[in-house]
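To start, the structure under review is shown below, and the notes come after it.
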Amino acid sequence: MESLPLPGSGRTAERFRALWEGCRADVSRGRLAEAHHDADAIFAEIGGGRRVRPDELWGVWAAEPPKPVVEATQGPDGWLLSGTKPWCSGAGLCTHALLTARVDGSPRLFAADLRHDGVGFATGAWVNAGMADTATGEVHFDSVPAETVGGPRDYLDRPGFWHGGVGVAACWLGGAAGLLDVVRKSAAKPDRPHALAHAGAIDAALSTARWMLEGAAAEIDADPHDADAARIRALRVRTSADRLCNRILDHVGRALGAGPLAHDADVAQRIADVTVYTRQCHAERDEAWLGELLP
């Protein structure tokens with residue numbers, strides 16, 4: 001997989017456009033690619049000069065529910081990971097992963113080679129059609145060697161954590177953008193003025209999204225190291241992107257009716273993908289956090 005410009009490199013808009021277009025082409029593939037590119041950006045920021053290789057596929061698995069968890073222990077030969085990590089996209093597909101594991105009760109970022117014999121995958125619990133092709137599930141670790149990436153809090157404290165969150169929003173919006181052509185095709189039929197109205201509304205929403213991402217990219221390039229500004233920016237973009245995607249899905253349903261949902265596998269899959277994917281946004285919880293952070 002070819003590398004993308006790094007956040008803050010002066011070409012952040014190009015990065016976001018590539019993430020958008022990746023999910024516009026295929027939501028699940030684009031989501032896996034986003035994680036791979038995020039891993040590369042994480043290494044560039046806190047990995048001591050390491051970068052991902054073209055023959056590798058990296059996941060970034062940082063969900064931290066109360067349980068299950070992965071514990072990291074340090075022995076004479078280095079760090080070992082044991083336990084179960086949930087919400088791992090690319091389970092069984094990725095060759096490597098950056099993942100958080102508990103050290104003395106607190107999460108720390110590690111890099112692991114998933115081809116080790118102590119790694120096992122379980123993806124059968126996923127029942128929704130949305131994002132099913134990402135092979136998201138649990139990954140089990142049994143004394144798997146790993147290397148630390150950055151210091152104990154570097155993963156969460158770095159500005160790039162928030163720049164990456166904007167990149168994920170670009171993916172959500174790219175996935176929704178793939179529905180515009182379907183609505184335009186419907187609007188091209190005679191006597192479909194309402195479909196034309198829905199196509200126009202979707203185009204307006206996507207134009208707003210593009211301008212938002214371009215503005216965010218310019219701000220990131222102007223000052224990539226301001227973590228406080230990055231946090232507020234990411235929350236603004238992600239909550240706005242979530243609402244824009246929901247608006248687009250509503251227009252698509254009203255424009256097309258039930259037929260494509262029942263009989264067009266591609267349309268039904270994309271709607272399911274975007275519906276599930278955007279739930280990475282924490283909705284009103286993130287909006288409340290944004291309100292608290294306002295100067």
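The values are calculated or read from the model by the stated rules, or taken from the named source; none is laboratory data. On a predicted model such as this, the values are computed, not experimentally measured, just so you know. Note that each Cβ is placed from the backbone with ideal geometry, even for glycine, and that neighbours are counted across all protein chains shown.
Is it the case, given these coordinates, that Trp211 is loosely packed, with under 15 Cβ neighbours inside 10 Å, of a type in the set (Phe, Trp, Tyr), within 23 Å of Ala13 (Cβ to Cβ) and assigned by TED's automatic domain parsing to the domain that holds Asp264? So Trp211 fits the description; yes. The residues of the stretch 278-292 that are farther than 15 Å from Arg247 by Cα and either acidic (Asp, Glu) or in contact with a Phe, Trp or Tyr (Cβ under 6 Å, 6 or more places away or on another chain) (or both), listed by number, are Glu284, Asp286, Glu287, Glu292. Can you tell me which residue in the stretch 241-272 is farthest from Thr208 (Cα to Cα), limited to those that are buried (at least 21 other Cβ atoms within 10 Å of the Cβ) and of a type in the set (Gly, Ala, Ser)? Result: Ala255.
A residue that is assigned to a helix (DSSP H, G or I), under 23 Å from the mean Cα position of the chain (by Cα), surrounded by fewer than 21 Cβ atoms within 10 Å (Cβ to Cβ) and charged (D, E, K, R) can be found somewhere in the stretch 147-166.
Restricting Arg238, Arg279 to residues that are surrounded by 15 or more Cβ atoms within 10 Å (Cβ to Cβ), touching an Asp or Glu at 6+ places or on another chain (Cβ under 9 Å), under 24 Å from Ala177 (Cα atoms) and among the basic types (Lys, Arg) narrows the list to Arg238.
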